[in-house]
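> This is the structure I want to talk about, given as structure tokens.
The values are calculated or read from the model by the stated rules, or taken from the named source; none is laboratory data. Note that the coordinates shown come from a computational prediction; the quantities given were computed from them, not determined experimentally. Glycine also receives a Cβ, built like all others from the backbone with ideal geometry; neighbour counts cover every protein chain displayed. Accessible surface is based on the protein model in full, side chains and every heavy atom, while ligands, DNA and RNA are left aside. Shrake-Rupley method; radii C 1.70, N 1.55, O 1.52, S 1.80 Å.
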Amino acid sequence: VLIFSVLAETVGRAFVNRARSQFQVSVRSAIMDSLVRQDTAFFDITPSGVIQERLSKDAAELSQNVFHIPQEAICHSCIALSNAWNVYRISPALLLIVAVPLPVVGMAQYFVVKFMRRTQKRQCKMGEVAAAAAAEIIKDIRTVREFVMEGAEAARFKAVALYQASSEERAETTVLVLFVAPLILLFI
């Protein structure tokens, strides 16, 4: 049974990963097809780094929502149901003791997930700003060098990257404290 489970998990993930990568290619191609048909005013308003970042991240996020999340939901639901069944077979009272705090933890996790989504959107915006800054510097490198602004541009990019990194670190710490730690304590 263990060998079958490992084999089924591996083969299932391989199929899903292949479908997800093909889906990403299709989405990116459709977006690029749409981008090349935009008015030139669109490109005057939107920095190329933002377009690149969105092209990459949006397709990955969409494929994550379409393929990975349902796969994980099914997998974790099966694990939870089988564990609940096994605990019930051991002792119905024990299942009740384990199940009582779950709604409270579920509500708390709901608010944490909402917070994480807002934080993730903010981090995506910061990633777009960093990508746009890098693309601008690279695109206009001749102008930067003519005005001897290499140090200033590198410092500006470093400041954006440091702010993004510190924001990501705070978000990760918050997730660990508010999301992971309560789950570990619940399981203990």
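> Would you confirm, using the coordinates I've provided, whether Phe115 is touching a residue at least 24 places away in the same chain (Cβ under 8 Å), open to solvent by 70 Å² or more (accessible area, probe 1.4 Å) and closer than 13 Å to Leu178 by Cα?
yes
> Just name the residue that is nearest to Arg170 (Cα to Cα) out of those in region 86-112 that are open to solvent by less than 60 Å² (accessible area, probe 1.4 Å) and in contact with a helix residue (DSSP H, G or I) (Cβ under 8 Å, 6 or more places away or on another chain).
Once the filter is applied, the top-ranked residue is Val112.
> From the residues in region 19-39 that are among the aliphatic types (A, V, I, L, M) and at pLDDT 85 or above, which one is most open to solvent (accessible area, probe 1.4 Å)?
Val25
> Are there any pairs with C-beta distances below 7 angstrom linking a residue in region 88-105 that is free of Cβ contacts under 8 Å to residues at least 40 places away in the same chain to a residue that is open to solvent by less than 100 Å² (accessible area, probe 1.4 Å) and in a helix (DSSP H, G or I), with the two at least 6 apart or on different chains, and if so which?
As it stands, the answer is Tyr88/Leu95; Leu94/Val87; Leu95/Ala84; Leu95/Val87; Val98/Val87, since those pairs meet every condition given.
> Return the pair list, or none, for Cβ contacts closer than 9 Å from residues in region 3-17 that are closer than 15 Å to Glu72 by Cα and at pLDDT below 80 to residues that are assigned to a helix (DSSP H, G or I) and of a type in the set (D, E, K, R), at least 6 apart or on different chains.
Cβ pairs passing all conditions: none.
> Then there's this: Within region 1-73, considering only helices (runs of 4 or more DSSP H) that don't extend past its boundaries, which have at least 1 residues that are more than 21 Å from Met126 (Cβ to Cβ) and of a type in the set (Val, Ile, Thr)?
Output list reads 2-35, 40-45.
> Can you tell me which residue is nearest to Gly127 (Cα to Cα) among those in region 141-160 that are surrounded by 14 or more Cβ atoms within 10 Å (Cβ to Cβ) and aliphatic (A, V, I, L, M)?
Step by step, filter region 141-160, then rank; the result is Val160.
> Which one of these does Glu72 not meet: (1) surrounded by 14 or more Cβ atoms within 10 Å (Cβ to Cβ); (2) acidic (Asp, Glu); (3) farther than 26 Å from Ser166 by Cβ?
(1)
> Among the residues in region 40-48, are any in contact (Cβ under 8 Å) with a residue 60 or more places away in the chain and surrounded by 14 or more Cβ atoms within 10 Å (Cβ to Cβ)?
yes
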